[in-house]
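Each remark here refers to the structure printed beneath this line.
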Amino acid sequence: MAAQTQDDRMRVRAQAKWVRTSARKARLVLDHIRGRSVPEARTILAFTQRAAATDIEKVLRSAVANAEANHGLDGDDLVVEVAFADEGPTLKRWKPRARGRVNRINKRTCHVTLVLAEVPEQSTRRRPPKQAETPASAAPPAEESTPKATTRRRKKEAVA
């Protein structure tokens, strides 16, 4: 069993239950804001034309209010760490059809959950330095080592 390391960042959670949209539609909007900062997520939700965006924006506002009121955190310094939508109960309705038949209409609901976390500390990690390009005569290109590339080269030489 692998040991999990737990960081010391403060996390704040907000949940909206029985939101009148399907979980699948809500997940499409949640995918846009996952991993973003709160101001960035608010901007994205403001310009998203899907109906689920208004409900998710309310949950985001609630999570930020929880962070500021209960934990004394600054709302603009938080990041949407976790965002998911679980299926809620389905309301089953009936619609009359021709010849005395009936069609079932499923009015789906979902439970939207957002977890906000503090921005991780800026580490001093740096990218490894880029290696200088070698001249073409010093090393052959990597693609020529494959059989397909050598075959292409032979065909070009035969045509020329």
Does Thr90 satisfy the condition of being within 20 Å of the chain's Cα centre (by Cα) and more than 14 Å from Leu116 (Cβ to Cβ)?
-> no
For segment 47-60, which residues satisfy the criterion of being under 16 Å from Val80 (Cα atoms) and surrounded by fewer than 17 Cβ atoms within 10 Å (Cβ to Cβ)?
-> Lys58
Of residues in segment 26-39 being more than 9 Å from the chain's Cα centre (by Cα) and surrounded by 15 or more Cβ atoms within 10 Å (Cβ to Cβ), the one nearest to Phe84 (Cα to Cα) | Ala26
Can we say Glu118 is modelled with pLDDT under 95 and under 20 Å from Gln15 (Cα atoms)?
-> yes
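Quick grid of which residues meet (1) out of contact with any Ser or Thr (no Cβ under 8 Å at 6 or more places or on another chain); (2) within 14 Å of Arg13 (Cβ to Cβ):
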residue	(1), (2)
Arg36	yes, no
Gln49	yes, no
Ala52	no, no
Ala67	yes, yes
Asn70	yes, yes
For segment 1-13, how many residues are in a loop (DSSP other than H, G, I, E, B) and either at pLDDT below 85 or of a type in the set (A, V, I, L, M, F, W, C) (or both)?
-> 9
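Listed here are the residues, each with its yes/no results for (1) part of a helix (DSSP H, G or I); (2) within 14 Å of Leu116 (Cα to Cα); (3) touching a residue at least 24 places away in the same chain (Cβ under 8 Å); (4) not small (Gly, Ala, Ser).
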{"position": "Gln15", "(1), (2), (3), (4)": "no, yes, yes, yes"}
{"position": "Arg50", "(1), (2), (3), (4)": "no, no, yes, yes"}
{"position": "Thr54", "(1), (2), (3), (4)": "yes, no, no, yes"}
{"position": "Ala63", "(1), (2), (3), (4)": "yes, yes, yes, no"}
Is it true that Ser22 is touching a residue at least 12 places away in the same chain (Cβ under 8 Å), over 20 Å from Arg108 (Cβ atoms) and surrounded by 14 or more Cβ atoms within 10 Å (Cβ to Cβ)?
-> no
How many of the residues making up segment 68-87 are at negative phi and over 25 Å from the mean Cα position of the chain (by Cα)?
-> 3
For the subset of segment 66-76 comprising residues that are over 16 Å from Thr43 (Cβ atoms) and touching a residue at least 24 places away in the same chain (Cβ under 8 Å), which member is surrounded by the most Cβ atoms within 10 Å (Cβ to Cβ)?
-> Ala67
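The values are calculated or read from the model by the stated rules, or taken from the named source; none is laboratory data. From a predicted model like this one, the values you see are computed outputs, not experimental measurements. Please note: Cβ atoms are built from the backbone with ideal geometry, for glycine as well, and neighbour counts cover all protein chains shown.
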